[in-house]
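Each reported figure results from applying straightforward, stated rules to the coordinates on display, with no laboratory input. The structure presented is a predicted model; accordingly, all values stated were derived computationally and were not measured. Heads up, the Cβs are rebuilt from the backbone with ideal geometry, glycines too, and the neighbour counts pull from every protein chain shown.
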């Protein structure tokens, strides 16, 4: 993979990490936070997936590279769900 492409994917990965942190900041103790996970997944589906798909179509990255990158992005969605559940549990226990 070319350095320019790697830097572009790193920038997109950083953007996804920022989204994850922001969604976690919006979580509340009431336990009704699943919509945050769904919206975060929708962001990845809407903005990242088509971009990465196009990168594979024009042979900027290979299919395995695209799969690895998307797995990391969707892994952050799963991490958000876990973090929100931990946040809800810790807030419930301390109240």
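Quick look at the values:
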| item | result |
| --- | --- |
| On Cα atoms only, tilt of 3-25 relative to the major axis of the chain in degrees | 10 degrees |
| Gained length - residue 67 relative to residue 39, 0.36 nm times residue gap less alpha-carbon distance | 8.0 nm |
| Degrees separating the helix 34-43 axis from the principal Cα axis of the chain, which is the longest one | 10 degrees |
| With Cα atoms, 0 to 90° folded angle of helix 63-94 axis to the chain main axis | 10 degrees |
| Computed over region 35-88, Cα set: Rg, Dmax in Å | 13.0, 43 |
| The chain: relative contact order in percent, alpha carbon pairs under 8 Å with at least 6 residues between | 42 percent |
| Computed [θ] at 222 nm, deg cm²/dmol, the chain (DSSP H ≥ 4; -39,500 (n - 2.57); rounded to nearest 500) | -26500 deg cm²/dmol |
| Extension gain from residue 82 to residue 14, taking 0.36 nm per residue of separation minus the Cα-Cα distance | 22.5 nm |
| Residue order, fewest to most beta carbons within 10 Å, for 51, 69 | 51, 69 |
